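Only one structure is covered here, and it is reproduced in the block below.
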Amino acid sequence: MNKRKKILIIAVILLIGVAFFIIRAKRQPNTAMALPTVKAIKGDISSKITALGNVETRQKQEVYSGIQGMVEYIAEEGQQVKKGDVVLKIDDGELKLELEQAQSKVKQQNVELSRLLGGPRPEELKKARIKYQEALTSYEAALEDYEKNQGLFNEGAISENEYINIKRELDVKKNQLAIMEVELSLLENPDEHEIALKQAALEEAEKSLANITKKLDKTIILAEFDGIVIKQEIKQGMTVSSGNLLLSIGSPDDLQIDIGVNEYDASNIKVGQKAIITGDGFGDKIYKGEVVKIAPSASTIQTSRGNETTVKATIKVNDPDENIKPGFSTTAEITIEDKQGAVLLPLECVISGEKGKKVMLVKDGAISEREVKTGIENELYTEITYGISEGDEVLQNPSANSSFEGDA
């Protein structure tokens, strides 16, 4: 056999061997070969939501000016106050003068109405009757004088000017008699219309008095609880208008953080969930918190990324101290769910498809699919609740190898 035939025979044998191994490999399960793998471990896992917010006092009293006037006293920013302490006083000098005048007017209207309703005193009635009688006597005398001089005027015995003066005197006496007659009639028989007018005047005077009293009440504002003045908007001696915010009082021992939770995470937030609070204002210090309130509705806010729908949630700071202050910006990390001793795999080990989830199990050098169910996830790991046990080995990133892709 020559050299050329030997080479040909060897080549055929090699081809047959390669074909044999290829056919055998296809009939056997996948092998791990040099693909990276990872083992399932047991550990603690938690799912968290992170949101930004500002520190505020849970108890807050905002003091507004109820009237216009000069600030006579205002508590200083940073000042400690006790419940019931005066924190604001507006000058009340003019209002006190108005109060005295209003009180006098109410008293006067009460007296006049009482006279109408209760009838006149005997001496008042006697005096009115005397005045009426005097007016009647004067009128009758003037009438007699007029009638006598009228004939003289007709005869030309007196001048026209004298006659006019006599007639004018009669008119004056007649008017005086009419006035006295009305006054006496009111005393003897009070007019219902007059009573109604006096009652209306009294009501108006009482309303004016009540309004001034309310204004006086607004000149002094008291602290509603023990706390500290966290903001002062105006200084002593300045004049303020009604409705101006003058100062804010809060309790530094009772703090909260209001956050906006993205609408996609909002359904996971529950009252009672724990939170970790961090912020640049207090360095490496970490505070503990708890979700105490969730808004019943969402709102849309404008952000650098456009409109964003969020739900407001309130976190109570459980361990406040002098380092965390109202106004500080913070980051709150809320624990949505946690579990101890869970079976864990890196996120990239799990393949998701329309039919469910699976991993590529590696056992005795062979690779096979294994259906799994998952629970809590975080940014690195997922909890395996079914299909894999602690110590089981799986491909680390099966999706990176096209031969393992596909629906589960």
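Residue-level check: of (1) more than 15 Å from Val311 (Cβ to Cβ); (2) surrounded by 13 or more Cβ atoms within 10 Å (Cβ to Cβ); (3) β-branched (Val, Ile, Thr), Ile286 misses just (2). Only one of the listed residues (Val106, Val87, Val111) is more than 14 Å from Lys214 (Cα to Cα) and not in a helix (DSSP H, G or I). That residue is Val87. Contact annotation: no residue pair with Cβ atoms under 8 Å, 6 or more positions apart or on different chains, pairs a residue in region 207-224 that is farther than 22 Å from Val63 by Cβ and in a loop (DSSP other than H, G, I, E, B) with a partner that is of a type in the set (Phe, Trp, Tyr) and modelled with pLDDT under 95. Please determine whether any residue of region 32-42 is closer than 30 Å to Leu246 by Cα, surrounded by fewer than 14 Cβ atoms within 10 Å (Cβ to Cβ) and at pLDDT 55 or above. Checked region 32-42: no residue is closer than 30 Å to Leu246 by Cα, surrounded by fewer than 14 Cβ atoms within 10 Å (Cβ to Cβ) and at pLDDT 55 or above.
List the strands (runs of 3 or more DSSP E) inside region 287-370, counting only whole elements, that have at least 1 residues being closer than 30 Å to Ile257 by Cα and small (Gly, Ala, Ser).
Those strands (runs of 3 or more DSSP E) span 287-303, 306-317, 329-346.
Return a yes/no flag: does region 72-85 have any residue that is touching a Leu at 6+ places or on another chain (Cβ under 6 Å) and not assigned by TED's automatic domain parsing to the domain that holds Leu187. Yes, because at least one residue in region 72-85 is touching a Leu at 6+ places or on another chain (Cβ under 6 Å) and not assigned by TED's automatic domain parsing to the domain that holds Leu187. Can you name the residue in region 187-206 that is in contact (Cβ under 8 Å) with a residue 24 or more places away in the chain and among the hydrophobic types (A, V, I, L, M, F, W, C) and is also nearest to Lys127 (Cα to Cα) among such residues? Here the answer is Leu187. Restricting Val240, Val229 to those that are in contact (Cβ under 8 Å) with a residue 60 or more places away in the chain, assigned by TED's automatic domain parsing to the domain that holds Val71 and touching an Asp or Glu at 6+ places or on another chain (Cβ under 6 Å) reduces the list to Val229. Applying the criterion of being touching a residue at least 12 places away in the same chain (Cβ under 8 Å) and of a type in the set (Phe, Trp, Tyr) to the residues of region 123-170, the residue that is farthest from Ser185 (Cα to Cα) is Tyr163. Whether any residue in region 244-266 is more than 27 Å from the chain's Cα centre (by Cα), surrounded by 13 or more Cβ atoms within 10 Å (Cβ to Cβ) and part of a helix (DSSP H, G or I) is what I want to check. Looking for residues that are more than 27 Å from the chain's Cα centre (by Cα), surrounded by 13 or more Cβ atoms within 10 Å (Cβ to Cβ) and part of a helix (DSSP H, G or I), one finds none in region 244-266, hence no.
Scanning region 128-165 for residues that are within 30 Å of Ile195 (Cβ to Cβ) and surrounded by 14 or more Cβ atoms within 10 Å (Cβ to Cβ), we see that the one that is modelled with the lowest pLDDT is Ala128. Filtering region 178-203 to residues that are under 21 Å from Val106 (Cβ atoms) and of a type in the set (S, T, N, Q) leaves only Gln199. When region 383-400 is limited to residues that are touching a strand residue (DSSP E or B) at 6+ places or on another chain (Cβ under 7 Å), over 11 Å from Lys42 (Cα atoms) and not in a loop (DSSP other than H, G, I, E, B), the one that is modelled with the lowest pLDDT turns out to be Ser399.
The values are calculated or read from the model by the stated rules, or taken from the named source; none is laboratory data. All figures in this text were calculated on a predicted structure; none of them were measured in a lab. All Cβ positions, even for glycine, are placed from backbone atoms using ideal geometry, and neighbour counts span all protein chains on display.
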